[in-house]
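> What follows is a single structure, and I will ask about it in a moment.
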């Protein structure tokens, strides 16, 4: 299984994921001006997910034979299944940072760290199910 992480495709996935995560993170910063942290994380996740799908389908898995609608449906389902982990990790990390005395930029740091939580699992699911396999 580790061989799948030692290929250029995974590096592309990391670059795409970092770009989508940056968009997600920046969107959360903007949304936090008007919304509580938990809601801002949730809405930013949707924006990041849309960007991640567009970038992954174009640059990481461009040879997929699956119809775009099937790819999108599977991609959204996978990301919705992982959303609770990212959301809860954001809240837990923020709480922990406050507990250990890190008050300055705790929301930004907590959200950034939580975005990395599903990285390895989602790559394999995308590779073999969302964009791979039979249509």
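Values in this text are rule-based calculations from the coordinates and carry no lab data. Values in this document were obtained by computation on a predicted structure and should not be read as measured data. Note: ideal-geometry Cβ built from the backbone for every residue, glycine included; neighbour counts use all protein chains shown.
> Suppose we filter 36, 84, 62, 67 for residues that are loosely packed, with under 13 Cβ neighbours inside 10 Å, closer than 28 Å to residue 2 by Cβ and more than 17 Å from the chain's Cα centre (by Cα); which single one remains?
Working: 36 fails: closer than 28 Å to residue 2 by Cβ; 84 fails: more than 17 Å from the chain's Cα centre (by Cα); 67 fails: closer than 28 Å to residue 2 by Cβ.
Unique residue meeting the criteria: 62.
> What about residue 53, is it surrounded by 15 or more Cβ atoms within 10 Å (Cβ to Cβ) and under 28 Å from residue 4 (Cα atoms)?
On the way: surrounded by 15 or more Cβ atoms within 10 Å (Cβ to Cβ): yes; under 28 Å from residue 4 (Cα atoms): yes.
Against the criterion (surrounded by 15 or more Cβ atoms within 10 Å (Cβ to Cβ) and under 28 Å from residue 4 (Cα atoms)), residue 53 qualifies.
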